[in-house]
Amino acid sequence: MSRRIRSITDVAERQLCTGCGACAFVQPDVIRMVDDLDAGRRPVVDAVDGREPSTAAALAACPGVGLRQTGLPAEHLEELGGAWGPVLEVWEGVAADDELRHAASSGGLASALALHMIERRGAHGVLHIRARPDAPLLNETVLSRTREQLLAAAGSRYAPASPCDRLDLIEEGPVPSVFIGKPCDVAAVARLREQRPALDERLGLTVAVFCAGTPTTRGTLEMLRSMGVEDPSQVESVRYRGNGWPGDAEVVVRTPEGRRTHRLTYEQSWGEVLERHRQWRCYVCVDHTGEFADIAVGDPWYRELGEGDPGRSLILVRTERGREVLHEAMAAGTVRAELVGPSTLPASQPGLLRVRGAVWGRVTTSRLVGIPAPRFEGMPTFGVWWRELTLREKLRSTLGLLRRIRRRGLRRRRKVHPWDPGSPSPDSTIPASAQRRGA
């Protein structure tokens, strides 16, 4: 068995794919993204004259095979060190637009900054994701150009998404646009802008949303079952969070008697169902806070949540451009925020350092037993593993991986199984043996 990753097909079948869609943007003539019920968004390489074409150009942009930080800027918060990536400032704030704030997953900062870029800086649009109108369990990439379009797409989507697949809408735009995505999506954009000057010129701002991992569509189906929804074809809309902080998961279904709404709390939907369906690549990811973005936003979980809490956002300024835009948005009244201490970040995301350390154990063990694993340059992991993990956690990150190898089938190539949401049964397109097993 080769450890080498030589093509985009290797990335997908060896479970290193993040699902970002960058490969489909780079080589759209031969690569297309599909939805795989138990894997996520995955690339399929179409044969040319009966043979698989070279995907070297797409592979060069792939964040799934590895990430590289070139170093911290001269001015950064030394208290956070390299384990959190470049951080110039830490803020906590909210969108001044109350409707945007309420619809968003926390304080609405990503949407507020996007709106500011459109209305005050003349950005062409905002490339991000929203639920597919014809299949609300799935996502699609869109370029929003108005407040109404941003509002319609606000809120977390805990389902596979490929926002990089339509970067052509930015690259070919008349003026710069905004990109919003998960940390891995923004990392792909960072790699691409080094290779494509036209894209680099048309990126006015990149915003990353903190991510604890992407659940597969199977996770959404199980969430529906937990709500008592057995027929996905009846689903009219799916919200995973929002309308309050953190907000309930809310599913609207059509029935002969009319529309019916089903809800689960955030703890029930994410904590009891969705997080158990995260794709494997998320378990070997070191960047959960958007280290390659201009600005990264997430939940300030250090706060005690009260009934009816309207939500707030933790804001990490990572580049000078990000600082300029945020300060400008505050001066314009689009954003209300206050500067907070560096310790607010680890207090808000207390488990992420341990997660980063565990990745060193998983990646190292994977290589020792001959399983392909991503490479990380300039992104410290061993020191975090040594300092932050208990002995038991160290053993779980190394020896515990052997159990996951069997359960996840990491020694075998896993073919991509495209899923049609119109299938008569959500299990009809894959064999029972390929259905989800525990993490």
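All of the numbers you see were taken from the coordinates with simple rules; none came from a lab. This one's a predicted model, so the numbers in the text were calculated from it and none came from an experiment. Virtual Cβ from ideal backbone geometry, glycine too; neighbours counted across all protein chains shown.
Taking the beta-carbon count within 10 Å as an exposure proxy, list Phe292, Phe376 from fewest neighbours to most.
Phe376, Phe292
When Cα Rg over 2.2 N^0.38 Å is calculated directly from the model, which label among [x] 0.93; [y] 1.02; [z] 1.26 fits?
Computed from the coordinates, Cα Rg over 2.2 N^0.38 Å corresponds to [x].
So what are the ³J(HN,Hα) numbers for region 95-109, from phi and the Karplus equation (6.51, -1.76, 1.60; θ = phi - 60°), rounded to whole Hz, Gly and Pro as x?
6, 5, 6, 4, 5, 4, 4, 5, 6, 6, 7, 9, x, x, 5
May I ask you to derive the FRET efficiency for Arg145 and Arg321 from their Cβ-Cβ distance with R0 = 22 Å, giving the value to the nearest 0.05?
0.55
For region 351-407, with only Lys/Arg (+1) and Asp/Glu (-1) charged at the beta-carbon, what is the dipole magnitude about the Cα centre, in debye rounded to 20?
Dipole about the Cα centre, nearest 20: 300 debye.
Label region 351-407 by shape, choosing from rounded, prolate and oblate, from the square roots a ≥ b ≥ c of the eigenvalues of the Cα gyration tensor; if a/c is under 1.5 it is rounded, and otherwise prolate applies when a/b is larger than b/c, oblate when it is not.
oblate
How far apart, in nanometres, would the label points at Ala347 and Asp309 be if each is projected 7 angstrom from Cα along the Cα-to-Cβ direction?
1.3 nm
For Glu267 and Ala152, compute 0.36 nm times the residue count separating them, minus their Cα-Cα distance, and round to one decimal in nm.
39.0 nm
Cut-off is 10 Å between beta-carbons; in what order do Ser111, Ser7 appear when sorted fewest neighbours first?
Ser7, Ser111
Please give the FRET efficiency for Trp301 paired with Asp98, using the beta carbon to beta carbon distance and R0 = 22 Å, rounded to the nearest 0.05.
Efficiency for this residue pair is about 0.50.
Would you mind calculating the relative contact order of the chain from Cα pairs under 8 angstrom and at least 6 residues apart, reporting the percent as a whole number?
In percent, rounded to a whole number, it is 22.
With +1 assigned to the C-beta of every Lys and Arg and -1 to the C-beta of every Asp and Glu, and no other charges, what is the dipole magnitude of the chain about the Cα centre in debye, to the nearest 20?
Dipole of the chain, to the nearest 20 debye: 2240 debye.
Test of the criteria: in region 134-198, which GluC sites (Glu not before Pro) are in a DSSP loop and have at most 12 other Cβ atoms within 10 angstrom of their Cβ?
Sites meeting the loop and neighbour criteria: Glu172.
Nearest 5 percent is fine: what portion of the DSSP beta bridges confined to the chain is antiparallel?
Roughly 75 percent of the DSSP beta bridges within the chain come out antiparallel.
Taking the mean number of other Cβ atoms within 10 Å as a proxy for protection, how do you rank 385-392, 331-338 from highest to lowest?
331-338, 385-392
Take each of the peptides 298-307, 20-29, average the number of other beta-carbon atoms within 10 Å over its residues, and list them starting from the highest.
20-29, 298-307
Go ahead and estimate [θ] at 222 nm for the chain from helices alone: -39,500 (n - 2.57) per DSSP H run with n ≥ 4, summed, over the residue count, rounded to 500.
Calculated from helices alone, the mean residue ellipticity at 222 nm is -8500 deg cm²/dmol.
Any chance you could check the Cα centroid distance between region 34-69 and region 72-103 for me, in angstrom?
The distance from the Cα centre of region 34-69 to that of region 72-103 comes to 32 Å.
Give the order of Lys415, Lys394 when sorted by the count of other beta carbons within 10 angstrom, beginning with the fewest.
Going from sparsest to densest Cβ surroundings: Lys415, Lys394.
Have a look at Gly306, Ala154, Gly50 and report the one farthest towards the positive end of the charge dipole of the chain, computed about the Cα centre with Cβ charges (Lys/Arg +1, Asp/Glu -1).
Gly50
How many nm separate the modelled label positions at Arg4 and Leu339, each set 7 Å beyond the Cα in the direction of the Cβ?
5.2 nm
With labels modelled as points extended 7 Å from the Cα through the Cβ direction, what inter-label distance (nm, one decimal) is found for Glu257 paired with Arg51?
Result: 6.3 nm between the two label points.
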